[in-house]
Amino acid sequence: MNARAQEIAEELLGTCKDMADAANEPGEMDDVALISDVEALVYQCDVCGWWVERDEVDEDGACTDCACDA
């Protein structure tokens, strides 16, 4: 796992930032492998827009909190 991907994931976790806010070094948003590594660690909930750990997302793309509210 890319150390920079870990840093980006940690910055996003628990926020509703855009990926570009955290992956803000030149060329990072164009680095498919880097973005893929980040998305393997964290996921932006399709319902609320907050970044959560991958294991907190259901098959519909909702985080645990949003899935419980449904």
Original post:
Where in segment 6-70 are there helices (runs of 4 or more DSSP H), lying fully within it, with 2 or more residues that are of a type in the set (Gly, Ala, Ser)?
Top reply: 19-22, 32-41
**OP:** Residues being out of contact with any helix residue (DSSP H, G or I) (no Cβ under 7 Å at 6 or more places or on another chain), among the acidic types (Asp, Glu) and closer than 14 Å to ALA23 by Cβ: count how many of those fall in segment 34-70.
**Re:** 1
**OP:** Determine whether segment 31-43 contains at least one residue that is farther than 15 Å from ALA9 by Cα, surrounded by 13 or more Cβ atoms within 10 Å (Cβ to Cβ) and aliphatic (A, V, I, L, M).
**Re:** no
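Rule-based calculations on the coordinates, nothing more; no lab input. For clarity, every value in this text was computed on a predicted model and none was experimentally measured. Methodologically, a virtual Cβ is constructed for each residue, glycine included, from the backbone with ideal geometry; neighbour enumeration extends over all protein chains shown.
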